[in-house]
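All remarks here apply to the structure that follows.
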């Protein structure tokens, strides 16, 4: 990370191989929208709690969730290294969450 990025408080966004696979399940338009929102919402203030960005109860997937309409982006945050690690990307249908094509319970 360069000096300019540090001064502006930018976080590096990293995708796990599983998250890349999750993205590949969606059409090009949805992928672009998800990635654009990840950049907008998580590069500068990934820890900021909002209606669409929250801390999750302890679970095996990730510590935080970003909501983008029906999509859910699950990520971990390493503030010391200024890294946001995207762990998984799923979607909601009604009250059910699906990750990698399977219903998932948080």
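Since every read-out is calculated from the coordinates, none of them should be taken as a lab result. It should be emphasised that the depicted structure is a prediction, and the values quoted were computed from it without experimental measurement. Here the Cβ positions follow ideal geometry from the backbone for every residue, glycine too, while neighbour counts run over all protein chains shown.
How would the chain be classified by its alpha-carbon gyration tensor: rounded, prolate or oblate, with rounded meaning a/c under 1.5 and the a/b versus b/c comparison settling the rest? If you can, show how the numbers build up before the last one.
Working: a/c = 1.89, a/b = 1.55, b/c = 1.21.
Judged from the Cα gyration tensor, the chain comes out prolate (a/c at least 1.5, a/b above b/c).
Grab the beta carbon distance between residue 60 and residue 28, set R0 = 41 Å, and tell me the FRET efficiency rounded to 0.05. Each step should come with its number before you reach the end.
On the way: r = 30 Å, r/R0 = 0.73.
Given R0 = 41 Å and the Cβ-Cβ separation, E is 0.85.
Multiply the residue gap between residue 92 and residue 106 by 0.36 nm, knock off their C-alpha separation, and tell me the result in nm, one decimal place.
Working: separation 14, 0.36 × 14 = 5.04 nm, distance 1.22 nm.
Stretched fully, the residue 92-residue 106 segment lengthens by 3.8 nm.
Using packing as a proxy for protection, rank 59-68, 23-32 so that the peptide with the highest average count of other Cβ atoms within 10 Å comes first. Kindly include the intermediate steps, with their values, before the conclusion.
Numbers: 59-68: 17.1, 23-32: 12.4.
Going by the mean number of other Cβ atoms within 10 Å, highest first, we get 59-68, 23-32.
Determine the relative contact order of segment 3-100: mean sequence separation of Cα pairs under 8 Å and six or more apart, normalised by residue count, in whole percent. All intermediate terms of the calculation are to be shown ahead of the outcome.
Numbers: 145 pairs, mean separation 28.6, N = 98.
The value is 29 percent.
What full-extension length gain, to one decimal in nm, is calculated for residue 14 and residue 36 as 0.36 nm per residue of separation minus the Cα-Cα distance? The partial results should precede the final answer.
Values: separation 22, 0.36 × 22 = 7.92 nm, distance 1.38 nm.
Between residue 14 and residue 36, full extension yields 6.5 nm more.
On C-alpha positions alone, give me the angle between the axis of helix 28-42 and the longest principal axis of the chain, in degrees, nearest 10.
Tilt of helix 28-42: around 40 degrees.
How far apart, in nm, are the 7 Å Cα→Cβ label points at residue 21 and residue 79?
So the label points at residue 21 and residue 79 sit 3.2 nm apart.
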